[in-house]
Amino acid sequence: MHPYLPNTPEDVQEMLGVIGVESTEALFKSIPDNVRLQKDLNLPKSKSEIEVRRIVSALASKNESVDELTCFLGAGSYDHYIPSIIRTLVTRSEFYTAYTPYQPEISQGTLQSVFEYQSMMCALTGMEVSNVSMYDAPTAAAEGAILASVQTKRKQILVSKTVHPETRAVLETYLKFRNVDILFVDEKDGVTDVSDLQQKLTADVAGVVLQYPNFYGVVENVKEIEEAVHNNKSLLLMSVDPIALSILKSPGELKADIVVGEGQALGQNLNYGGPVLGFMATTTKLMRKMPGRIVGQTLDRDGKRAFVLTLQAREQHIRRFKATSNICSDQTLNSITAAIYMATLGKHGMKEVASQSFKKAHYAFQELTKSGKYKPLFNKPFFKEFAVLCPQSVDEINEKLRAQGILGGFNLKKANEELGDAMLIAVTENRTLEEIDRFVKIMEEI
């Protein structure tokens with residue numbers, strides 16, 4: 001009897017009797033000896049619940065969260081303030097237990113929450129249609145790239161090297177098995193090299209993936225890129241920070257065709273990396289090829305407001321190889337969280353979050369680079385993240401910051417060795433001026 005299975009010897013004998021087998025050894029006799037382990041697993045002896053609780057608690061106590069550390073780390077996940085009302089509402093049983101509605105019209109509450117989320121995402125992105133929702137930003141970008149290829153019937157995707165490295169890696173994996181070629185557009189001074197883009201725009205390019213603001217926090221000049229992309233009859237796919245869209249021009253205004261992004265900043269805890277939600281919005285023209293689900297509003301036979309699952313991904317109804325997407329989960333709880341966050345803050349609150357993040361990031365940048373010890377890596381406009389060249393190893397600096405209760409910036413050498421000792425620093429509305437001043441002071445002392 002295996003020590004990690006709770007069945008008693010009597011339980012085992014009863015189950016074996018039902019299936020007509022004398023022993024567990026006889027049950028597995030069809031498995032050849034040469035592929036069996038022939039020894040116990042290298043695991044500690046089984047323990048009581050009390051012992052397990054103590055071990056797990058001891059391991060958990062080694063973790064430090066942004067509640068204990070002052071966070072200047074971003075690179076895709078951000079320490080934004082989450083109003084207390086969000087957890088109170090989202091953990092209500094009617095939300096907390098909701099999942100994909102397979103008999104949708106009887107789940108009016110779930111459909112309405114999704115409809116409200118989609119409506120707000122359309123308002124935020126300036127696009128005409130939004131789905132609900134994707135796994136995260138990288139997989140949303142991959143789904144968007146596949147959509148572009150299916151729509152244009154072309155087999156190449158161009159991706160700027162200023163797009164997040166994790167998004168680029170996921171794009172490579174997804175597109176490889178869709179027989180779509182991926183080409184990377186060079187970066188120049190922290191932004192997309194437009195001349196390199198123009199050279200690589202051929203008749204077989206389905207779409208171009210651009211990040212806004214990009215991985216370095218820099219705000220790209222989208223207008224020039226958009227004109228080149230659309231003159232080539234390709235699609236413009238933008239991966240965006242939803243918080244930034246409160247004060248920057250929306251992708252809709254910039255004539256994007258497909259908009260994706262990471263929704264973690266919309267009221268989601270950092271959660272050691274997940275779960276989060278990706279989002280996707282498009283033009284009406286591309287609506288029928290979108291993955292996921294789209295909820296619409298109508299009137300029932302009594303003339304009352306009602307909601308219906310207007311469109312849903314084909315992979316649940318036809319053979320999988322014909323589907324444009326195989327995504328089946330829609331991260332409903334996370335999208336409801338995002339909807340509650342946006343509804344709680346409203347337009348003015350969202351703009352205040354973005355404005356404070358912008359102003360505090362620029363204050364931190366000015367104070368940190370004032371003495372000349374830390375030099376700007378790029379001389380470009382940025383939103384809430386900026387990169388500086390450091391006088392010593394970023395990992396060493398971060399160790400010293402951690403000892404002072406500060407979670408330092410991202411080591412850009414991990415993303416691009418050529419950048420040298422460069423740190424990517426994120427500043428959100430959650431940081432106080434006192435925290436920023438202390439961070440700058442310790443960095444100067446280091």
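Throughout, read-outs are computed from the coordinates displayed, never taken from laboratory work. This structure is a prediction, so every number in the text was calculated from the model and none was measured. FYI the Cβ positions are ideal-geometry reconstructions off the backbone, even for glycines, and counts take in every protein chain you see.
If we count every other residue with Cβ under 10 angstrom of Ser393's Cβ, Lys/Arg +1 and Asp/Glu -1, where does the sum land? Residues close to Ser393 contribute a combined charge of -3. What does the charge add up to near Ser195, with Lys and Arg as +1, Asp and Glu as -1, over the other residues with Cβ less than 13 Å from its Cβ? Its environment carries a net charge of -4. Helices of the chain meeting both criteria, an alpha-carbon length of 20 angstrom or more along the long axis and an average Kyte-Doolittle score not below -1.0, with helices taken as full DSSP H segments, are 108-125, 137-152, 332-369.
Mind ranking 361-369, 125-133 by how tightly packed they are, going by the mean number of other C-beta atoms within 10 angstrom, highest first? Write out the running numbers ahead of the final one.
Working: 361-369: 18.7, 125-133: 23.4.
The densest-packed peptide leads the list: 125-133, 361-369.
Each stretch of four or more DSSP H residues adds -39500 (n - 2.57); spread over every residue of the chain, this sum gives -11500 deg cm²/dmol at 222 nm. 3J(HN,Hα) along the range 253-270: 5, 8, 6, 5, 9, 9, 10, 10, x, 9, x, 4, 5, 8, x, 8, 5, 5 Hz, from the Karplus curve 6.51 cos²θ - 1.76 cosθ + 1.60 with θ = phi - 60°, whole Hz, x for Gly and Pro.
Count Lys and Arg as plus one, Asp and Glu as minus one, and take only other residues whose Cβ is under 10 Å from that of Asn416; the net charge is then 0.
Per-peptide packing, taken as the mean over residues of other Cβ atoms within 10 Å, places 268-279, 222-233 in the sequence 268-279, 222-233 from highest down. Rounded, prolate or oblate, given the Cα gyration tensor of the chain, with a/c below 1.5 counting as rounded? In terms of gyration-tensor shape, oblate. Between the range 14-77 and the range 381-435, the C-alpha centres lie 37 angstrom from each other. Shape of the range 121-244 from its Cα gyration tensor (a ≥ b ≥ c, root eigenvalues): rounded if a/c is under 1.5, otherwise prolate when a/b > b/c, or oblate? Cα axes put the range 121-244 in the rounded bin. Between the alpha-carbon centres of the range 340-355 and the range 169-213 there is a gap of 33 Å.
If R0 is 51 Å, what FRET efficiency do you get for Asp189 and Lys304 from their C-beta distance, rounded to 0.05? Once rounded, the FRET efficiency stands at 0.35.
Label positions at Glu434 and Ser371, each projected 7 Å from the Cα along the C-beta direction, are separated by 2.2 nm. Applying the criteria of a DSSP loop state and at most 15 other Cβ atoms within 10 Å to the GluC sites (Glu not before Pro) of the range 1-72 yields Glu22, Glu64, Glu68. Among 254-260, 431-437, sorting by the average number of other beta carbon atoms lying within 10 angstrom of each residue, highest first, gives 254-260, 431-437.
Is the range 27-107 best put as rounded, prolate or oblate by its Cα gyration tensor, with a ≥ b ≥ c the root eigenvalues, rounded for a/c under 1.5, and otherwise prolate when a/b is larger than b/c, oblate when not?
Working: a/c = 2.43, a/b = 1.44, b/c = 1.69.
Oblate shape, in that a/c is at least 1.5 and b/c is the bigger or equal ratio.
Label-to-label distance for Asp40 and Gln404 is 5.1 nm, based on points extended 7 Å past Cα in the beta-carbon direction.
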